[in-house]
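Step one of this worksheet: look at the structure below.
The values are calculated or read from the model by the stated rules, or taken from the named source; none is laboratory data. What you see is a predicted model; the values in this text were computed from it and never measured. Ideal geometry is used to build each Cβ from the backbone, glycine not excepted, and the neighbour counts take in all protein chains shown. Ligands, DNA and RNA are stripped out before the accessible areas are found, and what is left, the full protein with its side chains, is counted by its heavy atoms. Shrake-Rupley method; radii C 1.70, N 1.55, O 1.52, S 1.80 Å.
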Amino acid sequence: MLLLVPTPLGNLKDITLRALEVLQQADVILCEDTRTSSKLLQHYNITRPVSPYHQHNEHKILSHLVDQLVAGKKMALITDAGTPGISDPAFLLVRECVKNNVRVECLPGATAFVPALVNSGLPINRFVYEGFLPLKKGRQTLFKQLAEEERTMVFYESPMRLVKTLEEMAVYFGAERNCSVSRELTKMFEENKRGTLREVSDYFKAKTVKGEIVIVVEGKPA
């Protein structure tokens, strides 16, 4: 059995009782980064065996993990923060489990784009999640396609690329398109900056940006 377990974005209290129970009972906990996950596990005195599972080794160890699951092992998959599979490894393993009739369950819990979307002040009755934009190939093509998107759009971005991305969005979507940028969600220095793409870009251009970033952009007016 494979259990996908969401973990806190920052505040360690943002974990469910069921998630803690699952982690305590797992035969092995698959971690995106064992060093990062150890802080959470130690905080809750969870001493189960851990094993790395990330984008650099997931293809290599996939068959081995599936063999163990088919043999009856109970595995919990966690990432550094949030829900596995949302811009983090999980898809390949889940797909193989489904193919091999291995039971898969995903627990409800933290996902960064949800609070960022809800507190953005933009329409959330219809939205599209785009995750991380391509760095080079296909980037301009995607921007041109999304310029016609009428639903609210959600993106993930790194601090070092935030300003560049906002400036590009201003070019393709229009500088007066409304947006919201959330960073360091649930942490001590959480920040939610709202305004037009031009205003928010200028704001972050004048400061040092740190933390995980979620960008929410208004869709094209109908």
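With contributions of -39500 (n - 2.57) from each DSSP H run of at least four residues, the per-residue ellipticity at 222 nm computed over the chain stands at -10000 deg cm²/dmol.
Kirkwood's formula applied to the C-alpha pairs of region 130-171 gives a hydrodynamic radius of 10.9 angstrom. With all protein chains present, how much of the accessible area of the chain (probe radius 1.4 Å) comes from carbon and sulfur, to the nearest whole percent? Reported share for carbon and sulfur atoms: 52 percent.
The aspartates and glutamates whose alpha-carbon is closer than 13 Å to the alpha-carbon of K205, local same-chain residues fewer than 8 away aside, are E167. For region 133-215, the Kirkwood hydrodynamic radius from C-alpha pairs, put into Stokes-Einstein at 20 °C and a viscosity of 1.002 mPa s, yields a diffusion coefficient of 164 µm² per second.
Ligands, DNA and RNA aside, E150 has an accessible area near 110 Å² when probed at 1.4 Å. Per-peptide packing, taken as the mean over residues of other Cβ atoms within 10 Å, places 188-195, 134-141, 110-117, 48-55 in the sequence 110-117, 48-55, 188-195, 134-141 from highest down. Start at zero, step by 5 Å, and the Cα-Cα distances of region 93-177 spread as 3, 11, 17, 21, 17, 11, 10, 7, 3, 1, 0 percent across the bins. Cross-link partners for K74 among the lysines, with Cα-Cα distance under 23 Å and sequence neighbours closer than 8 places in the same chain left out: K39, K60, K99.
The residues of the chain expose, per residue, 53 Å² of accessible area to a 1.4 Å probe. In percent, rounded to a whole number, the relative contact order of the chain is 22, using alpha-carbon pairs under 8 Å and six or more apart. With a ≥ b ≥ c the root eigenvalues of the C-alpha gyration tensor of region 18-81, is it rounded (a/c under 1.5), prolate (a/b larger than b/c) or oblate? Judged from the Cα gyration tensor, region 18-81 comes out oblate (a/c at least 1.5, b/c at or above a/b). Around the amide H of G174, modelled in the peptide plane, lies no amide H under 5 Å away from a residue 5 or more places distant or on another chain. If you wrap region 148-192 in the convex hull of its Cα atoms and look at it from every side, the mean projected area works out to 3.7 nm². Can you tell me how region 174-222 classifies by the Cα gyration tensor, rounded, prolate or oblate, using a/c under 1.5 as the rounded cut? In terms of gyration-tensor shape, oblate.
Using a cutoff of 8 angstrom between alpha carbon atoms and counting only pairs six or more residues apart, the relative contact order for region 57-170 works out to 22 percent.
Computing Cα extents along the principal axes in Å directly from the structure and comparing it against (1) 56, 37, 30; (2) 61, 40, 32; (3) 45, 41, 36 singles out (1).
Among the trypsin sites (Lys or Arg not before Pro) in region 1-98, those located in a DSSP loop and surrounded by at most 14 other Cβ atoms within 10 Å of their own Cβ are K13. Largest accessible area first, the residues D33, D67 order themselves as D67, D33 under a 1.4 Å probe with ligands, DNA and RNA left out.
Measuring only protein heavy atoms, the 1.4 Å probe finds I46 accessible over about 20 Å².
Treating r as the C-beta distance of N101 and R48 and R0 as 25 Å, the FRET efficiency rounds to 0.50. Computed with a 1.4 Å probe over protein heavy atoms only, the accessible area of H43 comes to about 110 Å². For region 11-141, a/c is not less than 1.5, where a ≥ b ≥ c are the root eigenvalues of the C-alpha gyration tensor, and a/b does not top b/c. That puts it in the oblate class. Across region 24-86, C-alpha contacts under 8 Å between residues 6 or more apart give a mean separation that, scaled by the residue count, equals a relative contact order of 49 percent.
Partners of K137 within straight-line reach, counting lysines whose Cα lies under 21 Å from its Cα and excluding those fewer than 8 residues away in the same chain: K164. Accessible surface ranking for R126, R151, 1.4 angstrom probe, highest first: R126, R151.
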